[in-house]
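Heads up, the thing below is written out as structure tokens.
The values are calculated or read from the model by the stated rules, or taken from the named source; none is laboratory data. Predicted, not measured: the structure shown is a model, and the values here were computed from it. Ideal geometry is used to build each Cβ from the backbone, glycine not excepted, and the neighbour counts take in all protein chains shown. Remember, those area values only see protein heavy atoms, side chains included, never the ligands or the DNA or RNA. Shrake-Rupley method; radii C 1.70, N 1.55, O 1.52, S 1.80 Å.
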Amino acid sequence: MRSITVLAGGVGGAKFTQGLLSHLAPLNTSRETTRRVSVIANTGDDMWLNGLRVCPDLDTLMYTLGGGISTEQGWGRANESRRTSAEIAAYGRGWDWFTLGDLDLGTHIVRTDMLREGYTLTEVTELLCRRWQPGVALLPMSDEPIETHVRLAEPADEHDTGELIHFEEWWVRYRAGVPAQEFVQVGQEMAQPTAQVLEAINTADVIVLPPSNPVVSIGTILGVHGMREALRQAKAPIIGLSPMIGGTAVRGMADQCLESIGVDSTASAVALHYGARADGGLLDGWLVDTVDAQAVPELRSAGIQAQAVPLWMTDVDSTAAMAQATLELADAVR
Ligand code: GDP
Ligand code: CA
């Protein structure tokens, strides 16, 4: 059996993986053609809220692949209600800019309960996935907490002390509208990739960087000590898909993240930021959208096998075609 390992944030990573599973489904007829998929998930967005451990990207992946996602929102549960949040707000507690639904809270309660009992986040995620059956091995990047914080370039408001704020506060409360000076991975010194993550990298036949946020999703995963080295030593080709199309983030606010680390919001700048593997970086191959085809020769001369294909994840079929192009490029560079 061959193995595909995907490094993913929330919405972009989940959508791509959904397309990948759809592409693989007809092949899963015999042991020779079956592909096992592992997803290494960003946990840098995780936080404590009202005493509960919330893992936004893990849950977006689990609910999307398990069929429980709210497709309108792209996160949280379908058919959700907010009675518990309204009660918490009536006590003047919690964050009014980050509301969790009642069904979603069930997940956070189970997770927190198990973490308190001493289970690792990997073990907890495995138990949650027994219910959701996402069709992949869903692996937190680390069992030690790492939380992305943002150092603001200027105070967000008159109450702000200019210190670090949690990434979710910057992203959801301020809609990334306040310039970020830097992203800090709080807890990074104490964290390492799990054994399951390292095995998924070492045994992979293909490693994919899906169109996830290059800074606060994939960048955070790469920031875990030992992760970059493990990827560079992997025998599998590493193929990425651009989250930038036509010089802008397709959905969301990744441009603001790139700006604060001094990288242009273009398909080629993001690829060069990851770097060519032959040149000390990570990438063997890189897919850009057809509107960015002019970037292909530049990237090829930089040692990255680039190719232009449609990269809009408009539905599962178009995303499955992207997954197929990814696996074909992996075969071509192997
Ligand atoms: P998050 O954790 O929910 O922010 O999700 P990810 O980090 O996994 O993915 C977010 C990124 O997906 C954004 O930065 C977008 O640039 C990218 N993205 C979203 N939709 C599309 C799409 O249809 N095509 C491509 N190429 N990128 C997309
Ligand atoms: Ca995220």
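Some values worked out for this structure:
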item	result
Accessible surface, 1.4 Å probe, highest first, among residues Trp312, Trp97	Trp312, Trp97
Whole-angstrom gap from the stretch 71-148 to the stretch 301-334, using each part's C-alpha centre	32
Proportion of all alpha-carbon pairs of the stretch 80-132 beyond 16 Å (%)	49
Net charge over other residues, Cβ less than 14 angstrom from the Cβ of Arg82 (K, R count +1; D, E count -1)	-3
Heavy-atom accessible area per residue - the stretch 205-334, 1.4 Å, Å²	38
Inter-centroid distance (Cα atoms) of the stretch 238-263 relative to the stretch 179-204, Å	20
Trypsin sites (Lys or Arg not before Pro) within the stretch 104-199: DSSP coil, no more than 12 neighbouring Cβ in 10 Å	Arg175
Total charge dipole magnitude, the chain, about the Cα centre, Cβ charges on Lys, Arg, Asp, Glu only, Debye to nearest 20	1040
Computed Kirkwood radius, in angstrom, where 1/r is averaged over Cα pairs of the stretch 48-136	13.6
Within a Gaussian network of the chain (alpha carbon springs, distance under 10 Å), most fluctuating of Thr112, Thr314, Thr34	Thr314
Length-normalised contact order for the stretch 48-136 - Cα pairs under 8 Å, 6+ apart - percent	33
Cα-based convex hull volume of the chain per residue, rounded to whole Å³	132
Percentage relative contact order, the stretch 113-213, counting C-alpha pairs under 8 Å, at least six apart	28
Given the chain, longest segment not containing exposed loop GluC sites (Glu not before Pro) (DSSP; at most 10 other Cβ within 10 Å)	164-334
Cleavage-rule hits, trypsin sites (Lys or Arg not before Pro), the stretch 1-58, DSSP coil, Cβ neighbours within 10 Å at most 16	Arg31
Degrees, to the nearest 10: 56-66 long Cα axis against longest axis of the chain	70
Qualifying trypsin sites (Lys or Arg not before Pro) in the stretch 182-248, DSSP loop, other Cβ atoms within 10 Å at most 12	Lys235
Given charges at Cβ of Lys, Arg, Asp, Glu: the chain dipole, positive-most of Ser268, Ile40, Leu52	Ile40
Under the Debye formula (equal points on every Cα, no solvent term), log10 I(q)/I(0) of the stretch 147-186 at q = 0.20, 0.30, 0.32 Å⁻¹	-0.47, -1.08, -1.21
Taking the chain and dividing mean pair separation by its residue count, relative contact order in percent (alpha carbons under 8 Å, at least six apart)	19
Cβ-based charge dipole, the chain, positive-most Cα from Leu138, Val288, Trp75	Leu138
